[in-house]
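Q: Dropping a structure here in structure tokens format, bear with me for questions.
The values are calculated or read from the model by the stated rules, or taken from the named source; none is laboratory data. All of these numbers come straight from a predicted model, not from anything done at the bench. Neighbour counts are summed over all protein chains in view; Cβ atoms, including those assigned to glycine, are modelled from backbone coordinates with ideal geometry.
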């Protein structure tokens, strides 16, 4: 899996345009979240017990999990599968492509600390949404770019942002991310959970995930967990 926003020349992204677009798009939504985030830093206490859920597919879930785990306001990230037609699929079955599932991460977050729009920003900027059924060297329908929305509001925000990103021609190619209703989530086996943190010396982690995290933390330094 390869990252998009930090390898702009490779994937054809226009970073300055993206930055301006994202700033304008979610400024309206972010003011209250910023206030709550500052209070969280001061007190260490969550302002709200009402958590929301986001479900994203952006290639290998080991990579997606490692990114979203580092965001302030994210309560948990669980790797698994959604969007298929087989009940309780195994990892091996999903890898064949016959079950129709995408590798996804189920993200529980506190909207008083981080908004769904901010999660969408991270989603769009940390993978290539213009490559169909592929992220870097990971090829197959299970690696497709996908947003599984849980509410009509999530659907509206995702569709609106996708439309405006395409109109702004952030990438040279059109976005192929599917935006579909969430149905069911199947949790992957335990050895897939918290994979990067438990296997940092594994070659895929060392050569693929670690560089992404380092770049991600530079771009989103104001949103990462202060005391992981």
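Q: Restricting to the range 182-208, name every residue that is in a loop (DSSP other than H, G, I, E, B) and under 19 Å from the mean Cα position of the chain (by Cα).
A: 182, 183, 184, 185, 188, 193, 194 - these are the residues of the range 182-208 that are in a loop (DSSP other than H, G, I, E, B) and under 19 Å from the mean Cα position of the chain (by Cα).
Q: Among the listed residues 122, 117, which satisfies the condition of being part of a helix (DSSP H, G or I), in contact with a strand residue (DSSP E or B) (Cβ under 8 Å, 6 or more places away or on another chain) and closer than 20 Å to residue 221 by Cα?
A: None of the others qualify; the one that does is 122.
Q: Counting only residues that are closer than 18 Å to residue 101 by Cα and either within 15 Å of the chain's Cα centre (by Cα) or surrounded by 19 or more Cβ atoms within 10 Å (Cβ to Cβ) (or both), how many does the range 115-133 have?
A: Residues of the range 115-133 closer than 18 Å to residue 101 by Cα: 129, 131-133.
Remaining after also requiring either within 15 Å of the chain's Cα centre (by Cα) or surrounded by 19 or more Cβ atoms within 10 Å (Cβ to Cβ) (or both): 129, 131.
Residues in the range 115-133 being closer than 18 Å to residue 101 by Cα and either within 15 Å of the chain's Cα centre (by Cα) or surrounded by 19 or more Cβ atoms within 10 Å (Cβ to Cβ) (or both): 2 in total.
Q: Then there's this: Which one of 157, 165, 132 is within 17 Å of residue 56 (Cα to Cα) and assigned to a helix (DSSP H, G or I)?
A: Selected residue: 157, the only one of 157, 165, 132 that is within 17 Å of residue 56 (Cα to Cα) and assigned to a helix (DSSP H, G or I).
Q: Restricting attention to the range 77-92, report how many residues are surrounded by 14 or more Cβ atoms within 10 Å (Cβ to Cβ) and either over 20 Å from residue 179 (Cβ atoms) or in contact with a helix residue (DSSP H, G or I) (Cβ under 7 Å, 6 or more places away or on another chain) (or both).
A: Summing the residues that are surrounded by 14 or more Cβ atoms within 10 Å (Cβ to Cβ) and either over 20 Å from residue 179 (Cβ atoms) or in contact with a helix residue (DSSP H, G or I) (Cβ under 7 Å, 6 or more places away or on another chain) (or both) in the range 77-92 gives 8.
Q: So which residues in the range 209-228 are surrounded by 13 or more Cβ atoms within 10 Å (Cβ to Cβ) and either at pLDDT 95 or above or not in a strand (DSSP E or B) (or both), if there are any at all? Before the answer, list the steps.
A: First pass over the range 209-228, keeping only residues surrounded by 13 or more Cβ atoms within 10 Å (Cβ to Cβ): 209-213, 215-217, 219-220, 223-224.
Within the range 209-228, 209, 210, 211, 212, 213, 215, 216, 217, 219, 220, 223 meet the criteria.
Q: Right, next: List pairs: first residue in the range 191-206 and under 13 Å from residue 78 (Cβ atoms), second residue modelled with pLDDT of 95 or more and assigned to a loop (DSSP other than H, G, I, E, B) anywhere in the structure, Cβ distance under 8 angstrom, at least six positions apart or on different chains.
A: 194/69
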